[in-house]
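Worksheet for the structure shown next.
Each reported figure results from applying straightforward, stated rules to the coordinates on display, with no laboratory input. The structure displayed is predicted, hence computed values, not measured ones. Quick reminder, even Gly has a Cβ in these numbers, built from the backbone with ideal geometry, and neighbours come from all protein chains shown.
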Amino acid sequence: MKKYLAEMIGTMVLVLMGCGAAVFAGTGQPFDSVGTLGVAFAFGLSVVAMAYAIGSISGCHINPAITLGVFLSGRMSGKDAGMYMAFQVIGAILGSSILWFLAKDSGSTTTFTGANSFADGQMSVAFVAETVFTFIFVLVVLGVTAKNGLNKFAGLAIGLALVLVHIVCIPITGTSVNPARSIGPAIFEGGAALSQLWLFIIAPFLGAVIAAIVWKGITVENETVKVA
């Protein structure tokens, strides 16, 4: 139960901090708005912080797509994977509820929840983007957490990979690559965010499946690698 609760707390922090940056970037404030880079780093730094806070407890997935990739790569049981995903969604809902309370009277010109969405006629573009960027992100996770990976720097590598993904994908969908991160805000946002939610669940899961298949095909973590 401790590792499930850790996943819940980690996902709550990710949604609160990452989506919070997106929400308050659109409010009147005494400083310049954080912009795309600020939001990207908010998500990435949240992952870095939580990786070193709860990584020793649960591995700090805080993302059902990562959990699916780890499960398909044979590193965890189906029971654990299911419980991880359930508590990640609960954490995302908790983070979204806190953010909604903080932002509902903020005068944000964007959104009160940081929900994901895509423009009319851009469904295929959004689906491809979420699939491809989740594939890249999960592949990085599987690589740095492998037996022969650079484990001490895993949190930093994963966080920076998420920053990179956000920089490119924010203009397209607001960047999900994480079904839980999309579910929580969509529940409070309603409307288009809720009707488009299916894409931000299916596409990241598809990207994770592809990442697991590719990783199993190229990994040498269980082999002895000779260096010339």
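Would you mind getting me the FRET efficiency between Y52 and V220? Use the beta-carbon distance for r and R0 = 22 Å, nearest 0.05. Walk me through the numbers on the way to the answer.
Values: r = 27 Å, r/R0 = 1.23.
For Y52 and V220, the calculated efficiency is 0.20.
Taking 0.36 nm per residue of sequence separation and subtracting the Cα-Cα distance, how much length would be gained by fully extending the chain between D105 and D120, in nm to one decimal? Intermediate values should be presented prior to the final figure.
Details: separation 15, 0.36 × 15 = 5.40 nm, distance 2.81 nm.
Answer, rounded to one decimal: 2.6 nm.
Taking P185, P171, P64 in turn, the Gaussian network model of the chain (Cα-Cα springs below 10 Å) assigns the largest fluctuation to P171.
Classify the chain as rounded, prolate or oblate from the Cα gyration tensor: take a ≥ b ≥ c as the square roots of its eigenvalues, call it rounded if a/c is under 1.5, otherwise prolate when a/b beats b/c and oblate if not. Show your work: numbers first, answer last.
Numbers: a/c = 1.72, a/b = 1.61, b/c = 1.07.
Prolate is the answer for the chain, as a/c is 1.5 or above and a/b outweighs b/c.
Take every Cα pair under 8 Å whose residues are at least 6 apart in sequence, average their separation, divide by the length of the chain, and the relative contact order is 30 percent.
Between the beta carbons of K147 and A86, assuming R0 = 35 Å, the FRET efficiency works out to 0.80 to the nearest 0.05.
Lys-Lys pairs in the stretch 2-218 that are eight or more residues apart or on separate chains and whose Cα atoms lie under 24 Å of each other come to 10.
For the ranges 198-208, 144-154, what's the packing order if you count other beta-carbon atoms within 10 Å of each residue, average per peptide, and put the highest first? Walk me through the numbers before you get to the answer.
On the way: 198-208: 22.1, 144-154: 15.1.
Highest mean packing first, the order is 198-208, 144-154.
With helices as the sole contributors, the chain gives -22500 deg cm²/dmol at 222 nm; each DSSP H run of n ≥ 4 counts as -39500 (n - 2.57), and the sum is divided by every residue.
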